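Before any comments, here is the structure.
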Amino acid sequence: MSETDSEKDVTPVEEAAASEPVTEEPEAHPEPPKRQRSGNSVAWLAFLFAIIAVAASGYVAWQDWQGASDTSADDQLARLDGRIDTLAELQTELEALVSGLGEPDPAIVAELDAVRRELDDRLRVLDSLPARISTLEGSIASLAGVSEGARDAWILAESEYYMQIANAQLQLANNPHLAALALKMADERIVQLANPGLTDVRRALSDELAALDVMEKPDIEGATLTLSSLAGIVESLPLASTAEAEDEATEIDPELSGAGRAWASVKNAVTGLVTVIPADEARLVQLSPDGEFFLRSNIALQLQAARLALLRGEQAIFEQTLDDTSALLNDYFDVDSAQVTSALETIADIRGHVFTTQAPDISGSLRLLRQYRTLNENAQ
């Protein structure tokens, strides 16, 4: 092998040896890694590159030694010394790098301490969770008990309210329809409790609803509509008058002779000067147009008052107003006319059939419910 070839072979080795420090220069003053894993990775990569460079230099040196048989021993030893020096420098740098890897990074150590403290805090929180959960379960259980008791008390109060409405509608307003509806609503509320202690209350409610079903119910709506219609036709009812009696008194018999007719005329004239009117008819004679207006208005108001008393269940006022209306019709209106007669019959029929039905007693369920609430409150 010629010297030119040897120089060509040596050049890659020298370039490799010269390139190693250039490769390691960025690692001379590395920036402090933020993570331990990234710093270790860079160090191991540098270590791997150094080993590869040493292996490549050795391989090239071995090839040069094998192919340089025609060169002198001194030249080979000089080249080997240079290569050994280069390898020694690489070894020194590698040892320095390895020693640097063994030193801990302060930033990484501080971060590890922070992570350790956070982990300790989390563990303490986890250790306290069972006690907190137990306390929370106890609070929820107590709250559920309180809410359930409040719900039962509210339903019982609502049921009692509906029972009171039922008794008021039946006893005061004489309205069994609304009374039955209120009792059904009270029974629905009690069913929601599903309490065996309220069985007697439900049994009493069932009996009272059955009594209301078989009760003969007055037609309150029909009666009120009829009274309203009577108040509207008062304006068309005919008044009683004495015009026919006066006409009969002034008539002269055509069969009389001339002297008889003259005497009858004189007699009628003298009789008309003084007129005797019965006490019942005196009011009719004195009734003026304004008096007639107020009379009809008074009767209409009496009928409306009776209608209102019927809706309120006020029996005494209802009967009194109908009696007053009948008296006014008999005194001032023509009782022989079909209109007045029909009005009087209608008033008498309504008065005699609305409040004649005997209402059953539906207060038993209310008493039982109040007894249950009292006992329950005392027990608590």
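Computed quantities for the displayed model
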quantity: Count of residues meeting criterion [part of a helix (DSSP H, G or I) and within 16 Å of Ala240 (Cα to Cα)] in the stretch 335-368; calculated: 7
quantity: For Pro218: the one exception among (1) closer than 30 Å to Ile347 by Cα; (2) assigned to a helix (DSSP H, G or I); calculated: (2)
quantity: Meets criteria (modelled with pLDDT of 85 or more and over 24 Å from Lys217 (Cα atoms)) for Ala327; calculated: yes
quantity: Out of Ala157, Ala186, Ala153, Ala231, sole residue that is under 26 Å from the mean Cα position of the chain (by Cα) and at pLDDT below 90; calculated: Ala153
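The values are calculated or read from the model by the stated rules, or taken from the named source; none is laboratory data. Everything numeric here is computed off the predicted structure, so don't read it as measured data.
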